[in-house]
Amino acid sequence: FFFSCCLMPRASTELSFANTEEAESLLQRVRSDADDLSWVTFVYAPNSHNILDINGSGTGGLGEFRDNFDESQRMYGLLRVTDIIDGHTTIKFVFVSWAGAKVRVVPKAKMATHKGSIVNLIGQAHITLDASEASDISDDVVMTRVTDASGSGSRVLDKPDQTRAAVTVNKASTSSARPSVPKESNAEVSFGNPDEGKAAIKQVRNNDDPTDWVLFGYEGQSNVIQLVATGNGGIEEMKQQLKPDTINYGIVRVYDCYDGHTTTKFVLILWVGENVKIMRKARITTHKGAVLEFLGQYHTDIPCSNHDEVNQEIIMTAVQDASGTAVHVKDKAE
């Protein structure tokens, strides 16, 4: 194989608060059910990829929290809500990672490299939501996630009155061995023909195999995940399988070069098409743990909803940011 390298600037994956004392004080107040403060948001400081400013805080619950997000900004937020289970009130915390609809592709992709760091800053939450518009954190979406997480049948908001060239793509077979689930099933996630899927993943993880990507998706509107396709044309080939009305999970193999050493990296593609319904998005977020366990380890991930948000440059920028390399391989050519 021939590897072509390019120089790119090193980027830190560690986040910090511009005003640590004030930020930590606000977070402590949100986490205290004795305090009226129910939410706080943070925004990337101007001309910075690693410093977070306090954007806002308030006592007005989910509606006020939602209104604080700006579609032109990259932001994070923590919200306290109340859940009622068998007459007992419990506190739940919702973490929102926000990349507004008007945020450019590369800054948005960089957020994926900050996931570990932001958790260290803000702390654990019961529910995590990725959002780009207000409808992604509507009352129904948030409280459906809270209910799914706790198994409760009744819930209220914190404020009760708030409501590459031509290459080979291998389509997966439609074997009768793959189970089918009724269209509106809310059953736990399952995998159709898992042996076939595992074999495809094994190919991608083998450097001696030309197959460099694998893609999975749902069978209709069910919770059954099945193999969609594999190929040897990298992310540009995989993109042809990503549709506006589908949800997909993929692994792409790329190569990273640092100090003359070439290493293999695996990138997780998390695709939620722009036409996927809001409630469907909310439901499938509970499947992520099972999906990641099935797919196996990876070095970085790329959440995306349209083709402009995922390409070779974006992937390699994310790989570089995650690994801290100053020189890396952008492609594998014949």
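For C257, work out the one condition from (1) surrounded by 20 or more Cβ atoms within 10 Å (Cβ to Cβ); (2) over 19 Å from K108 (Cβ atoms); (3) of a type in the set (A, V, I, L, M, F, W, C); (4) at pLDDT below 95 it doesn't fulfil.
(1)
Tell me the residue from T113, T89 that is closer than 23 Å to D33 by Cβ and modelled with pLDDT under 90, please.
Result: T89 is the single residue among T113, T89 that is closer than 23 Å to D33 by Cβ and modelled with pLDDT under 90.
I want to confirm something. Restricting to the stretch 14-61 and keeping residues that are among the acidic types (D, E) and within 18 Å of A125 (Cβ to Cβ), which single residue is most open to solvent (accessible area, probe 1.4 Å)?
Narrowing the stretch 14-61 to residues among the acidic types (D, E): 14, 21-22, 24, 33, 35-36, 53.
Subsequent filtering for residues that are within 18 Å of A125 (Cβ to Cβ) retains 24, 33, 35.
Values: E24: 92, D33: 114, D35: 37 Å².
Across the stretch 14-61, the extreme among qualifying residues is D33.
Check S57, S97, S32, S72 and return the single one that is touching an Asp or Glu at 6+ places or on another chain (Cβ under 8 Å) and of a type outside the set (F, W, Y).
Values: S57 fails: touching an Asp or Glu at 6+ places or on another chain (Cβ under 8 Å); S32 fails: touching an Asp or Glu at 6+ places or on another chain (Cβ under 8 Å); S72 fails: touching an Asp or Glu at 6+ places or on another chain (Cβ under 8 Å).
Of S57, S97, S32, S72, the one residue that is touching an Asp or Glu at 6+ places or on another chain (Cβ under 8 Å) and of a type outside the set (F, W, Y) is S97.
Table: residues versus (1) modelled with pLDDT under 95; (2) within 30 Å of V254 (Cα to Cα); (3) touching a His at 6+ places or on another chain (Cβ under 6 Å); (4) among the aromatic types (F, W, Y).
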position	(1), (2), (3), (4)
F3	yes, yes, no, yes
L7	yes, yes, no, no
L15	yes, yes, yes, no
E22	no, no, no, no
L27	no, no, no, no
V43	no, no, no, no
D53	no, no, no, no
F69	no, no, no, yes
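What about G231, is it of a type in the set (G, A, S), within 16 Å of the chain's Cα centre (by Cα) and modelled with pLDDT of 90 or more? Break it down stepwise before answering.
Values: of a type in the set (G, A, S): yes; within 16 Å of the chain's Cα centre (by Cα): no; modelled with pLDDT of 90 or more: yes.
So G231 fails the test.
For the stretch 211-241, which positions are closer than 14 Å to V254 by Cβ and out of contact with any strand residue (DSSP E or B) (no Cβ under 6 Å at 6 or more places or on another chain)?
N232, G233, G234, E236 - these are the residues of the stretch 211-241 that are closer than 14 Å to V254 by Cβ and out of contact with any strand residue (DSSP E or B) (no Cβ under 6 Å at 6 or more places or on another chain).
Residues checked against (1) buried (at least 18 other Cβ atoms within 10 Å of the Cβ); (2) under 20 Å from the mean Cα position of the chain (by Cα); (3) under 22 Å from S190 (Cβ atoms):
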{"residue": "F216", "(1), (2), (3)": "yes, yes, yes"}
{"residue": "E237", "(1), (2), (3)": "yes, no, no"}
{"residue": "A318", "(1), (2), (3)": "yes, yes, no"}
{"residue": "D321", "(1), (2), (3)": "yes, yes, no"}
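Go through the stretch 101-120 and give me each residue that's touching a strand residue (DSSP E or B) at 6+ places or on another chain (Cβ under 7 Å) and either crowded, with 16+ Cβ neighbours inside 10 Å or not in a helix (DSSP H, G or I) (or both). Break it down stepwise before answering.
If we filter the stretch 101-120 for residues that are touching a strand residue (DSSP E or B) at 6+ places or on another chain (Cβ under 7 Å), which is where we start, we get 103, 107-109, 111-113, 118.
If the condition is that a residue be touching a strand residue (DSSP E or B) at 6+ places or on another chain (Cβ under 7 Å) and either crowded, with 16+ Cβ neighbours inside 10 Å or not in a helix (DSSP H, G or I) (or both), then V103, K108, A109, M111, A112, T113, I118 are the ones that fit.
Name the single residue, out of those in the stretch 295-322 being in contact with a Lys or Arg (Cβ under 7 Å, 6 or more places away or on another chain) and either small (G, A, S) or part of a loop (DSSP other than H, G, I, E, B) (or both), that is modelled with the highest pLDDT.
If we take residues in the stretch 295-322 being in contact with a Lys or Arg (Cβ under 7 Å, 6 or more places away or on another chain) and either small (G, A, S) or part of a loop (DSSP other than H, G, I, E, B) (or both), then V310 is modelled with the highest pLDDT.
For residues that are charged (D, E, K, R) and within 21 Å of S222 (Cβ to Cβ), scanning just the stretch 275-310, find the one that is least open to solvent (accessible area, probe 1.4 Å). Explain how you work it out, then say what you get.
We begin by selecting, within the stretch 275-310, every residue charged (D, E, K, R); these are 277, 280-281, 283, 288, 293, 301, 308-309.
Then keep just the ones that are within 21 Å of S222 (Cβ to Cβ); that gives 277, 280-281, 283, 288, 293.
On the way: K277: 161, R280: 33, K281: 52, R283: 89, K288: 67, E293: 151 Å².
Only one residue tops the list, namely R280.
Can you tell me which residue in the stretch 56-89 is nearest to A45 (Cα to Cα), limited to those that are among the polar types (S, T, N, Q) and out of contact with any helix residue (DSSP H, G or I) (no Cβ under 7 Å at 6 or more places or on another chain)? Give the derivation first.
Step one: filter the stretch 56-89 for residues among the polar types (S, T, N, Q), giving 57, 59, 68, 72-73, 82, 89.
Still in the running and out of contact with any helix residue (DSSP H, G or I) (no Cβ under 7 Å at 6 or more places or on another chain): 59, 68, 72-73, 82, 89.
Values: T59: 24, N68: 16, S72: 13, Q73: 10, T82: 31, T89: 37 Å.
Of everything passing the filter in the stretch 56-89, Q73 is nearest to A45 (Cα to Cα).
Check whether at least one residue in the stretch 282-294 is in a loop (DSSP other than H, G, I, E, B) and either modelled with pLDDT of 90 or more or under 18 Å from T13 (Cα atoms) (or both), and report yes or no. If you could, list the steps in order and put the result at the bottom.
Within the stretch 282-294, the subset in a loop (DSSP other than H, G, I, E, B) is none.
So far as the stretch 282-294 goes, no, none of its residues is in a loop (DSSP other than H, G, I, E, B) and either modelled with pLDDT of 90 or more or under 18 Å from T13 (Cα atoms) (or both).
Using the structure shown, decide if A99 is within 19 Å of V272 (Cβ to Cβ), modelled with pLDDT of 90 or more and of a type in the set (G, A, S). Step through it out loud before you land on a result.
Working: within 19 Å of V272 (Cβ to Cβ): yes; modelled with pLDDT of 90 or more: yes; of a type in the set (G, A, S): yes.
Here the answer is yes, as A99 does meet what is asked.
The values are calculated or read from the model by the stated rules, or taken from the named source; none is laboratory data. Bear in mind the structure is a predicted one, so any value in this text is a computation, not a measurement. FYI the Cβ positions are ideal-geometry reconstructions off the backbone, even for glycines, and counts take in every protein chain you see. Note: areas computed on protein heavy atoms with side chains; ligands, DNA, RNA excluded. Shrake-Rupley method; radii C 1.70, N 1.55, O 1.52, S 1.80 Å.
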